[in-house]
Amino acid sequence: MGTAFFGHPRGLATLFFTELWERFSYYGMRALLILFMTAPIAAGGLGFDTGKAGIIYGTYVGMVYFTALPGGWLADRFLGQRRATLYGGVLIMLGHICLAVPSLATFYAGLVLIITGTGLLKPNISVMVGQLYDQEDHRRDAGFSIFYMGINLGAFFSPLVCGWLAQSDQFRGVLERAGIAPESAWHWGFGMAAIGMFFGLLQYLAGWKYLGDAGMQPGGAGDAATREQNRRTLTRGFLALAVALALLAGLVMAGMVRVTPEGVGNAVGIALLVVTLAFFGRLFTSGDWTDAERKRLVTIAVLFVASVIFWAVYEQAGSTLNLFADRNTHNRIFGRAFPAAWYQSLPPIYVILLAPLFAWLWVRLGDREPSSPAKFVLGLVFVGLGFVILVPAAGLAASGVKVSPLWLMLTYLLHVIGEVCLSPVGLSATTKLAPARVVGLMMGAWFLSLAVGNYLGGLAAAQYEAISLPVLFGGIGGFAILAGVVLALLVKPISRMLARSD
């Protein structure tokens, strides 16, 4: 299919830059979100306490990943990945435009639009990358590696740009000299995220012709009977949603239910728990599994829990650690102040630097390469250590001292070491272990673990002011390390169980 982009199909460039700009918009906005919510109203923020802001943040990031499940289903059955990605990008852009408008109503509307749009775009653009290659094409894995680089480049640049617009004294001075209220700077940062997604859509449409047939047809539409069944399922889903919303509206009007961010967040948490239990309950009880398949499913369930814990800790970057950077860190380097949001650029640049090194290391180790569960152990231990080493800094911060940026730089380095141990092998291990008839379903399980983990991370952030920082950071880090130790004890039994099932 051509070699016009570093020896890869020209369409890879289209998807690379679309994902780069989408991640630019997502991480640029995420770097500001909890800081904006907790900033005083006089400073242009929403004036929320950290308990309320943490629940909203956790609900938002959890739902971003959860909606990948219906987003993938809609693309498979009706839209095709190509149109789903386009519609998702448009919704994301509109969401960021809403955030650029200073009002509480547009703030919540913007979050809903971004959640919906990301659910359509995120899973389907990755599918199209694979569709650019034939099944036997040896360039496929390298193509995904290049695509992954686009994610991290977008995530690196966006906090620098959006953070400078939203938080820097220099840009606020520019606004003031122009006769514009400097406290509106937050919304200029959100507006830049919208512009980033706009650039992504422009080049996506310009490169549409280079994608060939990738994502044009819904692959799961099937024959006429299947298509009719899909339509009935979709209709029932919309009807159920409409009934639920109408019932909720009636309860609100009757004064029996108050719709608050905390209430919505708690409802999302309950829904995630129910979906997770129903997912694995149905998985273990509905299939006519062989003993070998059932053992593999048990292993997947163990790795699912480990993944949830890892992401709950790792994704504190945008919440707890972001607050620590803003409130408790001396944000100056070489005598010059910089926005707290800039720390969010550290993880992606660490990934860019470390991912090739670890890929080389695993190959170099050969037969001594750690198993997938062992890599999960390493991921949990390192992400936990990232918080444990912050405990002394948190103690200093609790006494009113603003600590050195080096503390957070080291924390993020340890977190990314954990990420490159766990994240690249997570989906691969899940799909390898899954019985062939439910491989697609297991991809959904990986996104579900991200959703639950991100949501739980937000709940931890809600305790930022309720618990002393040394206890909070030590508890988060210690829990991850303890989970790693438990999983380490299970590595050999899991390996023996899988060996007997082969």
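The values are calculated or read from the model by the stated rules, or taken from the named source; none is laboratory data. Remember, it's a predicted structure, so these values are computed and weren't measured experimentally. Backbone-built Cβ (ideal geometry, glycine too); neighbour counts: all protein chains shown. The area values use the complete protein model at the heavy-atom level, side chains included, leaving out ligands, DNA and RNA. Shrake-Rupley method; radii C 1.70, N 1.55, O 1.52, S 1.80 Å.
In this structure, does GLY366 turn out to be on the phi > 0 side of the Ramachandran plot, open to solvent by less than 50 Å² (accessible area, probe 1.4 Å) and part of a helix (DSSP H, G or I)?
Yes.
Scan region 32-52 and give yes if some residue there is touching a Pro at 6+ places or on another chain (Cβ under 8 Å), assigned to a helix (DSSP H, G or I) and open to solvent by 10 Å² or more (accessible area, probe 1.4 Å), otherwise no.
yes
Might you let me know whether region 422-430 holds any residue that is free of Cβ contacts under 8 Å to residues at least 40 places away in the same chain and under 26 Å from the mean Cα position of the chain (by Cα)? Step through it out loud before you land on a result.
Restricting attention to region 422-430, the residues satisfying the condition of being free of Cβ contacts under 8 Å to residues at least 40 places away in the same chain are 427.
Now narrow it down to the ones that are under 26 Å from the mean Cα position of the chain (by Cα): 427.
Yes, region 422-430 contains at least one residue that is free of Cβ contacts under 8 Å to residues at least 40 places away in the same chain and under 26 Å from the mean Cα position of the chain (by Cα).
Any idea which residue in region 325-359 is surrounded by the most Cβ atoms within 10 Å (Cβ to Cβ), counting only those that are of a type in the set (Phe, Trp, Tyr) and closer than 20 Å to GLY28 by Cβ?
At the first step, the residues of region 325-359 found to be of a type in the set (Phe, Trp, Tyr) are 334, 338, 342-343, 350, 358.
So of that shortlist, the ones also closer than 20 Å to GLY28 by Cβ come out as 338, 342-343, 350.
Values: PHE338: 17, TRP342: 19, TYR343: 25, TYR350: 21.
Residue satisfying both the conditions and the ranking: TYR343.
Which of the residues that make up region 379-406 are closer than 30 Å to PHE304 by Cα, crowded, with 20+ Cβ neighbours inside 10 Å and touching a residue at least 60 places away in the same chain (Cβ under 8 Å)?
The initial filter retains those residues of region 379-406 that are closer than 30 Å to PHE304 by Cα, namely 379-391.
Checking the rest, the ones that are also crowded, with 20+ Cβ neighbours inside 10 Å come to 379-387, 390.
Passing the criteria: GLY379, LEU380, VAL381, VAL383, GLY384, LEU385, GLY386, PHE387, LEU390.
Which of the residues belonging to region 298-338 are within 24 Å of TYR455 (Cβ to Cβ) and outside any helix (DSSP H, G or I)?
SER319, the sole residue that qualifies.
Report, by residue number, each residue of region 448-468 that is out of contact with any Ser or Thr (no Cβ under 9 Å at 6 or more places or on another chain) and open to solvent by 20 Å² or more (accessible area, probe 1.4 Å).
The initial filter retains those residues of region 448-468 that are out of contact with any Ser or Thr (no Cβ under 9 Å at 6 or more places or on another chain), namely 454, 456, 459, 467-468.
Those that are out of contact with any Ser or Thr (no Cβ under 9 Å at 6 or more places or on another chain) and open to solvent by 20 Å² or more (accessible area, probe 1.4 Å): LEU456, LEU459, ILE467, SER468.
For every residue, the table says whether it meets (1) over 25 Å from the mean Cα position of the chain (by Cα); (2) open to solvent by less than 30 Å² (accessible area, probe 1.4 Å); (3) within 20 Å of ALA68 (Cα to Cα); (4) at pLDDT below 80.
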| site | (1), (2), (3), (4) |
| --- | --- |
| TRP188 | no, no, no, no |
| LEU202 | no, no, no, no |
| MET216 | yes, no, yes, no |
| ALA244 | yes, no, no, yes |
| LEU247 | yes, no, no, yes |
| GLY250 | yes, no, no, yes |
| GLY265 | no, yes, yes, no |
| PHE279 | no, no, yes, no |
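Just checking, does region 109-121 include any residue being under 27 Å from PHE358 (Cα atoms) and either in contact with a strand residue (DSSP E or B) (Cβ under 9 Å, 6 or more places away or on another chain) or assigned to a helix (DSSP H, G or I) (or both)?
Initially, region 109-121 is screened for residues under 27 Å from PHE358 (Cα atoms), giving none.
No, every residue in region 109-121 fails to be under 27 Å from PHE358 (Cα atoms) and either in contact with a strand residue (DSSP E or B) (Cβ under 9 Å, 6 or more places away or on another chain) or assigned to a helix (DSSP H, G or I) (or both).
So in region 85-109, with the set limited to residues that are crowded, with 23+ Cβ neighbours inside 10 Å and under 23 Å from VAL268 (Cβ atoms), which one is farthest from the chain's Cα centre (by Cα)?
Looking only at region 85-109, we keep the residues that are crowded, with 23+ Cβ neighbours inside 10 Å, and these are 85, 88-89, 92-93, 95-96, 99.
Subset that is under 23 Å from VAL268 (Cβ atoms): 88, 92, 95-96, 99.
Details: GLY88: 16, ILE92: 15, GLY95: 17, HIS96: 17, LEU99: 19 Å.
My answer is LEU99.
Please go through region 147-165 and give me each residue that is open to solvent by less than 10 Å² (accessible area, probe 1.4 Å) and under 26 Å from ALA181 (Cα atoms), ordered by number.
SER158, PRO159, CYS162, GLY163
Which residues, counting only those in region 467-502, are in a loop (DSSP other than H, G, I, E, B) and either under 16 Å from the mean Cα position of the chain (by Cα) or at pLDDT 90 or above (or both)?
At the first step, the residues of region 467-502 found to be in a loop (DSSP other than H, G, I, E, B) are 467-468, 502.
Within region 467-502, ILE467, SER468 qualify.
Looking only at region 281-328, count how many residues are over 23 Å from the mean Cα position of the chain (by Cα) and either hydroxyl-bearing (Ser, Thr, Tyr) or modelled with pLDDT of 90 or more (or both).
We begin by selecting, within region 281-328, every residue over 23 Å from the mean Cα position of the chain (by Cα); these are 281-299, 327-328.
Among the residues that remain, those that are also either hydroxyl-bearing (Ser, Thr, Tyr) or modelled with pLDDT of 90 or more (or both) are: 285-286, 290, 299, 327-328.
Residues that pass the stated criteria total 6.
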